[in-house]
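One structure is given below, encoded as structure tokens.
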């Protein structure tokens, strides 16, 4: 009886109520075997690797103007509400909270796109191709290098129209809504620029975060490479200056120098080539020793190696395997082996 009433209700609703609405997402799961080095216990985990579901749509307002919207949420299919376990730094945004990922309401026309909400920054939406891995543990992917690719809450983002084919540009501003003396929120401004032509691409992002305790953060990232004809080669470089929390942002075991002005530099290189359904890939990432108050500190950098391959079971389902090593200078090497299954819908 209840099913019949629901079916009748849906059938009676106007077709326009369902027009231009798309459901999309990805379900990602895997097995990860971790060796954190030293006396740390080895772990074998069944993990969610950043699953998500989203709803998006638009309404034609006339004269070339559209209202656009999107609500995207992360969830963890392994039963962990926050997507994390001990010894891991990658959260995947899997809090289970509605709209905890890229979610917005906006307008779109030939003058560009304007969005308000919890909006992905340029590093999250347009960059990060060098991180070609599905993972939960930081050992098995570039979670350290891409740590600033995220959503910016309480923000407005404007993307310029595609006047020049292949050219992208965006401006984003995030407010500091908590203005109390103890607030750890930043007022954030982001500029993103990119250009793609004949498979070659170049992208740049600059992020400025307002002062906390007298220190502001400035972050730069550049990515260049080639992505066509089954071949991908991407090189990334980023530099960050500001608070001591920028020193790998809690990913590394070393103790940061509180109150010091910090400077970090990192590099990442990824290459892959598809042979039919099989795509072998390799990544090397490096972080220079950190500078505190312009003085380079020994044993504060890192090196990371990743080797693996994906096999496309279909256009939407992929199985992958990868091996990773992560070495923070002055500490034991961390190693991991991962197997994953990803389905996009």
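Taking only pairs six or more apart or across chains, which ones have beta-carbon atoms under 9 Å, a first residue in the stretch 240-265 that is on the phi > 0 side of the Ramachandran plot and surrounded by fewer than 20 Cβ atoms within 10 Å (Cβ to Cβ), and a second residue that is at pLDDT 75 or above and in a helix (DSSP H, G or I)?
Partner pairs satisfying both residue conditions: 259/244.
Inside the stretch 332-342, can you point out the residues that are surrounded by 16 or more Cβ atoms within 10 Å (Cβ to Cβ) and over 17 Å from residue 283 (Cα atoms)?
Residues satisfying the conditions are 340, 341, 342.
Kindly establish whether residue 204 is within 19 Å of the chain's Cα centre (by Cα) and at pLDDT 95 or above.
Numbers: within 19 Å of the chain's Cα centre (by Cα): yes; at pLDDT 95 or above: yes.
Here the answer is yes, as residue 204 does meet what is asked.
Out of the residues in the stretch 230-276 that are part of a strand (DSSP E or B) and more than 26 Å from residue 194 (Cβ to Cβ), which is nearest to the chain's Cα centre (by Cα)?
262
Only one of (1) closer than 19 Å to residue 250 by Cβ; (2) in contact (Cβ under 8 Å) with a residue 40 or more places away in the chain fails for residue 119. Which number is that?
(1)
Scan the stretch 289-306 residue by residue and report those that are part of a strand (DSSP E or B) and touching a residue at least 12 places away in the same chain (Cβ under 8 Å).
Residues satisfying the conditions are 291, 292, 302, 303, 304, 305, 306.
Would a scan of the stretch 267-281 turn up a residue that is within 30 Å of residue 179 (Cβ to Cβ) and surrounded by 14 or more Cβ atoms within 10 Å (Cβ to Cβ)?
Within the stretch 267-281, not a single residue is within 30 Å of residue 179 (Cβ to Cβ) and surrounded by 14 or more Cβ atoms within 10 Å (Cβ to Cβ).
Taking only the stretch 307-344 into account, find how many residues are assigned to a strand (DSSP E or B) and closer than 17 Å to residue 37 by Cα.
Counting residues in the stretch 307-344 that are assigned to a strand (DSSP E or B) and closer than 17 Å to residue 37 by Cα gives 11.
The values are calculated or read from the model by the stated rules, or taken from the named source; none is laboratory data. Quick caveat, the model's predicted, so the values are computed rather than measured. Heads up, the Cβs are rebuilt from the backbone with ideal geometry, glycines too, and the neighbour counts pull from every protein chain shown.
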